[in-house]
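The values are calculated or read from the model by the stated rules, or taken from the named source; none is laboratory data. Bear in mind the structure is a predicted one, so any value in this text is a computation, not a measurement. Cβ atoms come from the backbone with ideal geometry, glycine included; neighbour counts cover every protein chain shown. Side chains included, ligands, DNA and RNA excluded: accessible areas come from the protein's heavy atoms. Shrake-Rupley method; radii C 1.70, N 1.55, O 1.52, S 1.80 Å.
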Amino acid sequence: MTRIVSLLPAATEIAGALGLMQQVVGVSHECDFPQEVNALPRVTRCSVHNAGLSSREVNERVRRALHEHGTIYTIDETLLRKLRPNVILTQKLCDVCAVGYGTVARLAQTLPGPPEIVNLEPSSLSDIFDDIHRVAVACGVTKRARKVVAGLSMRVEAVRERAAHVPDRPRCFLMEWVDPPFCSGHWVPDLVEIAGGYDSLGRKHQPSAEIKWQAVLDARPEIIVLALCGYNVDRARRDYESLRKFPGFDSLPAAQNDRIYVADANAYFARPGPRIVDSLEILAAIIHPERFPEFASEKLKIKK
């Protein structure tokens, strides 16, 4: 039987969608979905997460750790050897998001086998679907992947078709960090576009990046979504209190028209697994609530 260790929450969700959870023997400290993952051993740690730091402090701590150590994560090597994986799911996409690929690859070479390393490195929505196939091939369940991807693709196309007939494409700003400000990147601009919006600050198929606050003021977004990488709605609501103190914030159309929203980016927007399609549906309801009422939730809207 395949023994899988997943070092990435999105990879764990992919394994779950493919019906492989009984073969997952270890996960990262961040993996929290599907529910059964919470009973599994954790093979990574991170001192930054859940440390009660402000956005500015998190950013500074991460930058310092990457400069000094090249990573913000620690792998429990003893536990990993004990778990005896023959497949390890990891990534090269982002050193802030999970353990770096190089670290995992070097360690894997010292393990019995050695195990197969499956690298997930999506930059677009289609890449995420390709990653589902990649995991399925490594674990011998390719037919399941075709079924999963077909179902997800149908939902994407349903949103795309309905949004395509909306004449108004409002100016959006998907904010991945507040202090300092970061725009969205990778697959997120794809989602905005499919959902019927336009984000001039987004970096399509490229890493998100720090931007000047003046760039946001110049873009004059009509909708702002706080989708803070790695954090949930509660954290986004707290950071909104900092954001509203930025100079000129009240001049933005989104602020004047009460169109500022918060999202659980840890579960959705920043996690490139099957629930990325849920993210698209959430976004469609935010941008065009009259066209996508079935996905709407007042819980996402900031109440002044």
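A few comments on the model shown:
- Treating each Cα of region 174-250 as one equal point scatterer and applying the Debye formula with no solvent, the log10 of I(q)/I(0) at q = 0.22 Å⁻¹ comes out as -1.06.
- Förster radius 22 Å - calculated FRET efficiency between residue 38 and residue 147, Cβ distance, rounded to 0.05: 0.25
- Computed in the context of the full set of protein chains, the accessible area of the chain at 1.4 Å probe radius has 49% of its extent on carbon or sulfur.
- 4 °C / 1.567 mPa s Stokes-Einstein diffusion coefficient of the chain, Kirkwood radius on C-alpha pairs, µm²/s: 65 µm²/s
- Springs between Cα atoms under 10 Å define the GNM used for the chain, and in it the highest mean-square fluctuation of 177, 213, 187 occurs at 213.
- Note on residue 210 and residue 110: their simple-model spin labels are 3.4 nm apart, each label 7 Å out from Cα toward Cβ.
- Cα-Cα pairs of region 114-188 separated by more than 14 Å (percent): 73 percent
- In the context of the full set of protein chains, the chain has a per residue accessible area of 46 Å² (1.4 Å probe).
- Taking the longest Cα principal axis of the chain as reference, the axis of helix 55-69 is set at about 40 degrees.
- Enclosing the Cα atoms of region 144-212 in their convex hull gives a volume equal to 92 cubic angstrom per residue.
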